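Note sheet for the following structure.
The values are calculated or read from the model by the stated rules, or taken from the named source; none is laboratory data. Since the structure is predicted, the reported quantities are computational estimates derived from the model, not experimental observations. Here the Cβ is made from the backbone with ideal geometry for all residues, glycine too, and neighbour counts use every protein chain on show. In case anyone asks, the SASA skips ligands and DNA or RNA and just uses the protein heavy atoms, side chains included. Shrake-Rupley method; radii C 1.70, N 1.55, O 1.52, S 1.80 Å.
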Amino acid sequence: MPTAEQVPDILSPEFAADPYPVYRRMRDTAPLIWHEATRSYLVSRYEDVERVFKDKRGEFTTDNYVWQAEPVHGKTIIQLSGREHAVRRALVAPAFRGADLREKFRPVIERNARELIDTFRESGSVDLVDRFATRFPINVIVDMLGLDKADHARFHRWYTSIVAFLGNLSADPEVAETGKRTRAEFSAYMLPIIRERRENLGEDLLSTLCAAEIDGVRMSDEDIDAFCSLLLTAGGETTDKAVSGIFLNLLRHPDQLAAVRADHDLIPRAFAETLRYTPPVQMIMRQSATEVELSGGTVPAGATVNCLIGAANRDESRYRDPDRFDIFRDDLTISTAFSAAADHVAFALGRHFCVGALLAKAEVETGVAQLLDAMPDARLAEGFIPAETGLFTRGTVSLPVLFTPATTA
């Protein structure tokens with residue numbers, strides 16, 4: 001089996017600067033790599049990542065989340081299986097689709113986007129990451145849950161430390177300790193609110209979770225606490241980096257930006273292509289239940305398998321000219337892009353497909369549309385050179401944009 005010595009290491013500066021050429025070398029020459037530092041097998045080809053996620057043969061589990069996520073979230077649906085997983089997912093899923101999403105939470109999304117944009121609408125310049133992308137999804141989730149948005153700074157600190165813990169592949173002890181401390185702080189904050197909300201149900205998402213029941217099964221206080229932690233992190237991180245990623249990709253392709261500006265119905269296409277081209281989550285782990293043959297070799301039972309989403313979504317055997325951003329490509333199906341039948345693997349696939357995908361879609365559609373209207377001629381600030389960072393999740397840390405305020409255009 002090829003080793004990590006034959007391609008730049010995923011923990012190396014070269015990979016950090018731009019992982020996509022490294023991903024190509026992996027797919028071409030080392031589609032399965034044993035990575036000693038993370039004690040995991042790196043899987044880079046689309047067909048293999050798709051197989052792991054869909055897992056039609058019962059070859060893979062989410063047991064890795066016991067050590068990867070449970071220390072900072074508690075036990076969540078992402079590590080459950082079988083009927084237990086199906087019931088827990090059925091308890092939370094209705095809030096993120098259909099009437100609840102459309103009638104209850106779409107107005108929340110629209111209001112939060114508008115409130116943030118109002119703070120810079122007439123300024124003519126803004127760092128979209130700092131002033132919008134990092135704030136928008138957290139504000140939406142906090143508002144949906146019926147929590148106090150005045151605690152935004154606290155939520156952002158917790159979310160940042162949890163994401164750092166999840167991506168701590170170099171095993172930095174300080175990052176690990178901060179993540180565990182965050183778990184205790186978050187629970188101390190949430191559990192009293194959950195208990196109070198059970199006694200005084202409202203129209204918010206937290207009340208919905210408290211009241212949900214299927215076949216006599218309800219979520220415990222600890223279940224709800226863990227789910228809220230997962231929602232804050234997964235929902236915040238993906239939407240944060242998706243919004244900034246969409247704008248960066250469109251600003252680098254003015255013709256496509258003009259098309260989206262003229263027709264907001266193209267925003268889902270821009271979102272789906274961004275998920276493929278520069279996915280916010282770059283890797284998701286699974287654990288092998290049995291010995292499995294994949295491209296390039298054999299994975300033994302009980303091993304951690306690191307599915308490289310950023311590599312799979314640029315696989316030339318699946319997408320034509322995969323290193324080109326193109327919202328009009330015909331090998332990415334938009335009608336299924338936000339479902340478990342998606343062509344891309346940015347939300348995973350199969351039974352563990354991201355439960356919040358449609359919420360992310362609603363946030364992105366609303367936020368991007370309002371930003372386009374508020375910034376009629378948005379352009380990158382002169383001299384700015386975009387740079388993406390991150391290993392487990394990846395995105396630009398700054399996106400300074402100039403525009404003529406719509407109110408004075």
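The number of residues in segment 46-80 that are in contact (Cβ under 8 Å) with a residue 24 or more places away in the chain, over 17 Å from L349 (Cα atoms) and in a helix (DSSP H, G or I) comes to 4. Being within 17 Å of G297 (Cβ to Cβ) and out of contact with any strand residue (DSSP E or B) (no Cβ under 8 Å at 6 or more places or on another chain) is the filter; apply it to segment 7-29 and report the residue that is least open to solvent (accessible area, probe 1.4 Å). Result: R27.
Does segment 274-288 include one or more residues that are in contact with a Lys or Arg (Cβ under 6 Å, 6 or more places away or on another chain), at pLDDT 95 or above and either outside any loop (DSSP other than H, G, I, E, B) or open to solvent by 20 Å² or more (accessible area, probe 1.4 Å) (or both)? Looking through segment 274-288, none of the residues is in contact with a Lys or Arg (Cβ under 6 Å, 6 or more places away or on another chain), at pLDDT 95 or above and either outside any loop (DSSP other than H, G, I, E, B) or open to solvent by 20 Å² or more (accessible area, probe 1.4 Å) (or both). Being modelled with pLDDT under 85 and among the hydrophobic types (A, V, I, L, M, F, W, C) is a property that holds for I78.
Criterion first (in contact with a Phe, Trp or Tyr (Cβ under 8 Å, 6 or more places away or on another chain), surrounded by fewer than 20 Cβ atoms within 10 Å (Cβ to Cβ), over 19 Å from R45 (Cα atoms) and not basic (K, R)) does P254 satisfy it? The answer is no for P254. Filtering segment 237-251 to residues that are open to solvent by less than 20 Å² (accessible area, probe 1.4 Å) and of a type outside the set (D, E) leaves T239, A242, V243, S244, G245, I246, F247, L248, N249, L250. Being surrounded by 22 or more Cβ atoms within 10 Å (Cβ to Cβ), of a type in the set (F, W, Y), at pLDDT below 95 and in a loop (DSSP other than H, G, I, E, B) is a property that F384 lacks. Please tell me if A86 is small (G, A, S) and at pLDDT 90 or above. For A86, the condition - small (G, A, S) and at pLDDT 90 or above - is not met. For segment 313-341, a residue qualifies if it is touching a residue at least 60 places away in the same chain (Cβ under 8 Å) and within 19 Å of I78 (Cβ to Cβ), and exactly one does: F338. Of all residues in segment 340-368, those satisfying the criterion of being within 14 Å of the chain's Cα centre (by Cα), outside any helix (DSSP H, G or I) and of a type in the set (G, A, S) are A346, A348, G356.
Against the conditions (1) open to solvent by less than 50 Å² (accessible area, probe 1.4 Å); (2) in a loop (DSSP other than H, G, I, E, B); (3) under 24 Å from R51 (Cβ atoms); (4) in contact with a Pro (Cβ under 9 Å, 6 or more places away or on another chain), P405 satisfies every one except (3). Which residue pairs have Cβ atoms under 9 Å apart, sit 6 or more places apart or on different chains, and have a first residue in segment 348-373 that is touching a residue at least 24 places away in the same chain (Cβ under 8 Å) and a second that is among the basic types (K, R) and crowded, with 22+ Cβ neighbours inside 10 Å? Pairs found: H352/R286. Please work out if V49 is closer than 30 Å to R181 by Cα and open to solvent by less than 10 Å² (accessible area, probe 1.4 Å). When the stated conditions are applied, V49 does not pass them.
Could we say that D373 is more than 19 Å from the chain's Cα centre (by Cα) and crowded, with 18+ Cβ neighbours inside 10 Å here? Full working, then the answer.
On the way: more than 19 Å from the chain's Cα centre (by Cα): yes; crowded, with 18+ Cβ neighbours inside 10 Å: no.
Spelling it out, it is not the case that D373 is more than 19 Å from the chain's Cα centre (by Cα) and crowded, with 18+ Cβ neighbours inside 10 Å.
Mind checking which pairs have a first residue in segment 281-303 that is touching a residue at least 60 places away in the same chain (Cβ under 8 Å) and a second that is hydroxyl-bearing (S, T, Y) and surrounded by fewer than 20 Cβ atoms within 10 Å (Cβ to Cβ), Cβ under 6 Å, 6 or more apart or different chains? Qualifying pairs under 6 Å: M285/T304; Q287/T61; Q287/T304; A289/T61. Among the residues making up segment 60-70, a single one is open to solvent by 10 Å² or more (accessible area, probe 1.4 Å) and within 16 Å of L232 (Cβ to Cβ): E70.
The number of residues in segment 144-177 that are surrounded by fewer than 20 Cβ atoms within 10 Å (Cβ to Cβ) and part of a helix (DSSP H, G or I) comes to 15. Quick check: anything in segment 103-114 without any contact (Cβ under 8 Å) to a residue 24 or more places away in the chain, closer than 30 Å to S40 by Cα and part of a helix (DSSP H, G or I)? Taking every residue of segment 103-114 in turn, none turns out to be without any contact (Cβ under 8 Å) to a residue 24 or more places away in the chain, closer than 30 Å to S40 by Cα and part of a helix (DSSP H, G or I). Considering only segment 292-311, I want to know if a residue exists there that is within 19 Å of the chain's Cα centre (by Cα) and in a loop (DSSP other than H, G, I, E, B). Among the residues of segment 292-311, not one is within 19 Å of the chain's Cα centre (by Cα) and in a loop (DSSP other than H, G, I, E, B), which makes the answer no.
In segment 113-127, which residues are surrounded by fewer than 23 Cβ atoms within 10 Å (Cβ to Cβ) and of a type outside the set (K, R)? Step through it out loud before you land on a result.
To start, the set of residues in segment 113-127 that are surrounded by fewer than 23 Cβ atoms within 10 Å (Cβ to Cβ) comprises 114-125, 127.
E115, L116, I117, D118, T119, F120, E122, S123, G124, S125, D127 - these are the residues of segment 113-127 that are surrounded by fewer than 23 Cβ atoms within 10 Å (Cβ to Cβ) and of a type outside the set (K, R).
Out of the residues in segment 194-216 that are open to solvent by 40 Å² or more (accessible area, probe 1.4 Å) and not in a loop (DSSP other than H, G, I, E, B), state the one that is nearest to E84 (Cα to Cα). Before the answer, list the steps.
Narrowing segment 194-216 to residues open to solvent by 40 Å² or more (accessible area, probe 1.4 Å): 195-196, 198-201, 203, 211, 213-216.
Next, from what is left, pick out any that are not in a loop (DSSP other than H, G, I, E, B): 195-196, 198-199, 211, 213-214.
Values: R195: 23, E196: 26, R198: 23, E199: 26, A211: 18, E213: 13, I214: 11 Å.
The extreme case among them is I214.
Scanning segment 91-112 for residues that are of a type in the set (V, I, T) and either open to solvent by 10 Å² or more (accessible area, probe 1.4 Å) or more than 25 Å from P376 (Cβ to Cβ) (or both) yields V92, V108.
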